[in-house]
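Engineer: My questions will all concern the structure given below.
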Ligand SMILES: Cc1cc2nc3c(=O)[nH]c(=O)nc-3n(C[C@H](O)[C@H](O)[C@H](O)COP(=O)(O)OP(=O)(O)OC[C@H]3O[C@@H](n4cnc5c(N)ncnc54)[C@H](O)[C@@H]3O)c2cc1C
Ligand SMILES: Cc1cc2nc3c(=O)[nH]c(=O)nc-3n(C[C@H](O)[C@H](O)[C@H](O)COP(=O)(O)OP(=O)(O)OC[C@H]3O[C@@H](n4cnc5c(N)ncnc54)[C@H](O)[C@@H]3O)c2cc1C
Ligand SMILES: Cc1cc2nc3c(=O)[nH]c(=O)nc-3n(C[C@H](O)[C@H](O)[C@H](O)COP(=O)(O)O)c2cc1C
Ligand SMILES: Cc1cc2nc3c(=O)[nH]c(=O)nc-3n(C[C@H](O)[C@H](O)[C@H](O)COP(=O)(O)O)c2cc1C
Ligand code: FES
Ligand code: FES
């Protein structure tokens, strides 16, 4: 698919927010899904080669947004795509978050893991849920989009490693205190954080959905490059993060094989 | 070196003219020299990999110009460099044309071979030469910059393969008729044209300087990828097009080895 | 489209563009995204007798204009493939090539026998996976071993044409190609991936858990073209060429050096529509070159000075 | 800069960044463009006994993130090199490594003997040029031949350390490295270019007159890293790693898999300043990793699971 970049906004040195117009994409995407983005503007060049996966932040009318962190050449190249230029990407991929109604929900985000949580927050709130967002980062720079969340959440708890904003703690610390009170938890962030959140939830008997990321070549289930190990009864089964995920039941993930 | 693109003008579907600001380059370049241009805007990408050679059209104050024909990915990428962006290139390279005074001069250009002839035309004219330009192309599209030449030449003879402008002939046809009357000839264009021009000059006893092109990796004399065979007395010697050229004595070039 | 119709080892393909094994799953994965009936054929992920879970993660990493993979031949096993995947794939109008392998000659033969009686169009024997110690590479690094495994499988396969897929990680690919031909292979496919490695300089760990992986993509195309050319000089059986094809121009290059059809691998990850663009591009090119059939291009590289 | 000072086979280099043979001429070509005294060393274009004119044109072509070359070892011959080039090069404060080759063992020995008494720092024996039939590749494709030519040269070389440069176009590079070590080589350099080919689909001619050429540049880095890693597992002598290095991060990767110094080739064409940037980058990296010397990085790839 193709779309037009409407905005490619620098949030700070580390993050950018891109808004893309594409009715086709906007009509089909669901919360928690992701998209494989061709980061180069030229289709006649082969470096970078593969598309890059990004969570869908939200859809508004005919547009959708991506939040991206500067990591390597693909994301760096994205910063150079000016508003008005055409960008190519896959259709919306993956299973996404299952929404629920009238429950007490926690969202737990670590850094750029905030990306896929905004849209589900909106839906949950609209559907009568009480929503608390636990949002952790290294420092102030990581605490992005918080203002956009405010209308859609009831409570915001921020932590940073250096205390530059919010509580000086890992996000799991405040979360752990409250965890048992939630009906369901949605989490996205570094794998070790997701493991910790999942273990807390399992202990408290709270269902937890985690959005995982693995390097992806195809994003479509073909390359088998993105395997996640999940327990099904007695067995450990292999799931493709791109197709059967990226959202998994955190209580089932075999964390030893995922956190390497 | 680095410079700022001031203009990147589309002349037609096939040609572009780029003006680059770089005092350092402008101060050192000489007519007939060329420059190796990094065609990509990002130095963290490796496709395209090598720099591309282009003749220096002219220098005006702190700027210089390149005329480029759309060939492959490098030149295509150059079309996408907007005015205001930074472009990287080598210092000015090669031997260039040797200027003369108060002589009757012919310039012979084939297609994009026109590029390095404008500057030398200016110099020759300023130095009291009578200058005739023979300019051949496939069709009208190839006859570019002619207006810029007019103030610096005494006579302009245009030929095209299809007769869409000028005489319907190869540029060597009108040139051959007049050749014996010139004191010296400067030529740039397809190799077979340069061969024909050189043979005509040799027959007429007219000195001829041809600007040759070969694929180049380094442009600096190191890779030995750009060899031109030249006769020196009894011997055939190897010259590097980038360092000992691109301008060679057309009567000495071993054309069988150059026109492949 | 008849300009693109090709006959490879007795099987007619509507066009010579086949998706390469391991890059197109069991074909079905892509059916949502492109019209896979427009493909000449699909070579499915390498199948073994038993289900195989493959290597630990991480298994892939991008490199400059290429990628490393060490999937480790994860697959559902031949029985599950035939029962659950093949019937669905057969609903599409495209040729099905089954890439297969074994840990031993016996296992190769076992799988080959089963596939020989299945509703598939062709077999592609993989003796070249660099990512599994017992994934056939032993058979692909010694011509006498190649001869052995190919001739044993040949005896077991009575109904289907047999391609053998060669490894590029050899000093000279020609004796391998010759061994295949002499042992009864109907065609050669080449190349599999080049063995490579990449290290994260911050963690100091290899990007691939298996340490090394197979390098594919545009980066390797010159090596692949050279090897297909070498193979074409020593065998008469058809060659299915691959390695780094992402555009029709790349595909045409493989034809010129001797391929009768091509496979497209990594490009499916870059953009699933590239294969279809290659089909269109080849058709236009063949016509512009005045060919009545693309096969007239095979081996037509001009080596005159 | 002492963090970058390395000792390779008894020779001290101010830094471990050396320009690769064939990509830096006789060193002098680049002196106009960069301060070559900032380089750790320069490996000059492969020298033979007599002057050699090399292959017909065209000799080079860009490929995706790489290039093919078939220069054919054009060089001025050892006598002219020593008389006309070396004295000028010696004016710069950098190590001079002389890459050399012969058509026969006798010629290898002949050149080696002359160089052994010349004012140079190190010899690098090229048994891996893929572009000349008699350019040593025969010695680089069979470990017993490697052993022979290396031990003969070793006898002739008394004063200078000897590197042997290996070909990547082999099934297994390890026996070659071992043969070098066992035959008295002081170090290994690896890798030379991968054999490749590219065809112009419009003219149908190979882009390189020699038909095939050597593939270099970022495209081949994963293969080079893998091979240096393999070599490091079987020899104790130092390894000079190369293949596709264009950034300091690439160089660091080679150190981690076992290199004690690196050579930079194609990058010199991409931008002559890249080598100097690599020197700077490596220094910052070494310091940021808390190393007192870059050599502490050699072989420190972490293979634990
Ligand atoms: C399902 C999913 C959703 C994601 N959503 C977001 C998001 O919303 N915002 C965001 O900033 N990032 C997201 N990521 C991570 C993002 O894909 C990587 O940061 C990005 O690919 C880095 O590309 P690069 O070229 O800049 O880095 P490079 O390091 O140059 O990339 C090299 C290769 O590694 C892969 N890679 C590098 N880091 C990661 C990573 N963390 N995860 C997966 N692959 C990686 C790249 O895709 C590429 O193939 C997501 C990843 C996945 C799998
Ligand atoms: C001394 C010299 C001066 C030149 N001056 C001009 C000029 O003023 N204007 C202009 O339009 N062109 C000029 N050329 C030709 C120009 O360099 C090529 O058209 C350009 O490199 C094509 O690059 P590409 O990436 O678009 O093509 P691609 O085909 O993608 O290039 C692939 C490779 O082939 C090389 N290549 C392709 N065509 C040529 C060619 N004709 N000559 C040399 N190398 C080639 C490229 O440099 C590159 O390495 C000159 C060439 C030389 C040697
Ligand atoms: C992720 C991945 C998985 C692969 N799996 C297989 C396989 O199972 N069997 C096989 O014969 N080749 C396999 N290959 C090799 C490809 O089929 C092909 O030979 C190789 O990738 C070169 O082609 P390309 O450059 O177009 O990708 C795999 C390649 C990749 C990238
Ligand atoms: C144009 C060119 C010429 C080369 N000539 C030689 C040579 O004479 N002797 C040699 O040992 N290697 C030669 N090489 C190989 C390089 O030294 C190096 O091993 C190879 O290019 C890989 O490194 P790179 O990817 O950094 O270029 C040459 C390479 C190129 C590109
Ligand atoms: S990314 Fe290819 S299977 Fe998931
Ligand atoms: S381009 Fe390298 S020597 Fe001329």
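Every number here is computed from the coordinates shown, using simple stated rules; none is lab data. All of these numbers come straight from a predicted model, not from anything done at the bench. Quick reminder, even Gly has a Cβ in these numbers, built from the backbone with ideal geometry, and neighbours come from all protein chains shown.
Engineer: Inverting the mean 1/r over all pairs of different Cα atoms, compute the Kirkwood radius of the range A:104-211 and quote it in Å.
Structural biologist: 13.3 Å
Engineer: Same structure, new question: Roughly what angle does helix B:117-126 make with the longest principal axis of chain B, taking Cα atoms, 0 to 90 degrees, to the nearest 10?
Structural biologist: Approximately 60 degrees, to the nearest 10.
Engineer: What does the structure give for A:34-46 when I average, per residue, the other chain Cβ atoms found within 10 Å of the residue Cβ?
Structural biologist: Other-chain Cβ atoms within 10 Å of each residue's Cβ, averaged: 5.
Engineer: Just subtract the alpha-carbon distance of residue B:146 and residue B:237 from 0.36 nm times their residue separation and send over the number in nm, one decimal.
Structural biologist: Gain on stretching residue B:146 to residue B:237: 29.1 nm.
Engineer: Place the label 7 angstrom along Cα→C-beta at residue D:87 and in each other copy, then list the distances from the first to the rest in nm, shortest first.
Structural biologist: 8.7
Engineer: What per residue convex hull volume, in Å³, comes out for the range B:2-89 when only alpha-carbon positions are used?
Structural biologist: Taking only Cα atoms, the range B:2-89 has a hull volume of 85 Å³ per residue.
Engineer: Let me ask something else. Along Cα→Cβ at 7 Å, what distances in nm separate the residue A:190 label point from those on the other copies, shortest first?
Structural biologist: 6.3
Engineer: If I build a Gaussian network model for chain C, linking alpha-carbon pairs within less than 10 angstrom, which residue out of C:21, C:189, C:37 has the largest mean-square fluctuation?
Structural biologist: Looking only at C:21, C:189, C:37, the largest GNM fluctuation is found for C:37.
Engineer: What is the range C:158-305 by shape, rounded, prolate or oblate, if you read a ≥ b ≥ c off the alpha carbon gyration tensor as root eigenvalues and call it rounded for a/c under 1.5, prolate for a/b larger than b/c, and oblate otherwise?
Structural biologist: Oblate is the answer for the range C:158-305, as a/c is 1.5 or above yet b/c matches or exceeds a/b.
Engineer: Distances from residue A:168 to the same residue in each other copy, label points 7 Å out along Cα→Cβ, in nm, shortest first?
Structural biologist: 8.7
Engineer: Counting only DSSP beta bridges with both residues in the protein assembly as shown, tell me the antiparallel percent, nearest 5.
Structural biologist: Roughly 50 percent of the beta bridges in the protein assembly as shown run antiparallel, per DSSP.
Engineer: So for chain B, what percent of the C-alpha to C-alpha distances run longer than 27 Å?
Structural biologist: Result: 34 percent of Cα pairs exceed 27 Å.
Engineer: May I pose another question? How big is the gap, in Å, between the Cα center of the range B:30-76 and the Cα center of the range A:28-90?
Structural biologist: Answer, in whole Å: 30.
Engineer: Follow-up. Rank the residues B:75, D:203 as a footprinting-exposure proxy: fewest other Cβ atoms within 10 Å of their Cβ go first.
Structural biologist: In order of increasing Cβ crowding within 10 Å: D:203, B:75.
Engineer: May I pose another question? Set the Förster radius R0 to 45 Å, insert the Cβ-Cβ distance between residue B:11 and residue A:4 as r into 1/(1 + (r/R0)^6), and round the FRET efficiency to 0.05.
Structural biologist: Plugging the Cβ-Cβ distance into 1/(1 + (r/R0)^6) gives 0.95.
Engineer: In nm, to one decimal, how far is the residue D:174 label point from the residue C:31 one, both placed 7 Å along Cα→Cβ?
Structural biologist: 4.5 nm
Engineer: Now for a different question. Is the range D:214-300 best put as rounded, prolate or oblate by its Cα gyration tensor, with a ≥ b ≥ c the root eigenvalues, rounded for a/c under 1.5, and otherwise prolate when a/b is larger than b/c, oblate when not?
Structural biologist: In terms of gyration-tensor shape, oblate.
Engineer: Per residue and in Å³, how big is the convex hull formed by the alpha-carbon atoms of the range D:61-202?
Structural biologist: Hull volume over Cα atoms, normalised by residue count, gives 133 Å³.
Engineer: For residue A:202 and residue D:277, what is the calculated FRET efficiency with R₀ set at 51 Å and r taken between the beta-carbons, to the nearest 0.05?
Structural biologist: Computed FRET efficiency for residue A:202 and residue D:277 comes out at 0.55.
Engineer: Nearest beta-carbon of B to the rotation axis carrying it onto A: which residue, how many whole Å?
Structural biologist: Axis-proximal residue of B, distance in whole Å: B:47, 2.
Engineer: Within 10 Å of each Cβ of C:28-38, how many other protein chain Cβ atoms are there on average?
Structural biologist: Mean inter-chain Cβ contacts per residue within 10 Å come to 2.
Engineer: Can you give the FRET efficiency for residue B:255 and residue B:104, using 1/(1 + (r/R0)^6), R0 = 22 Å, r = Cβ-Cβ distance, to the nearest 0.05?
Structural biologist: Computed FRET efficiency for residue B:255 and residue B:104: 0.30.
Engineer: Mind computing the radius of gyration and Dmax over the alpha-carbon atoms of the protein assembly as shown? Å is fine for both.
Structural biologist: Cα-based Rg and Dmax for the protein assembly as shown come out at 31.2, 100 Å.
Engineer: Could I ask something else about it? Average partner chain C-beta neighbours within 10 Å, per residue of A:225-234?
Structural biologist: 3
Engineer: Give the value in nm², to one decimal: projected area of the alpha carbon convex hull of chain D, averaged over all directions.
Structural biologist: With every direction weighted equally, the projected area is 15.2 nm².
Engineer: Round to the nearest 10 and give me the degree value, 0 to 90, for the angle of helix B:191-204's Cα axis relative to the longest principal axis of chain B.
Structural biologist: 30 degrees
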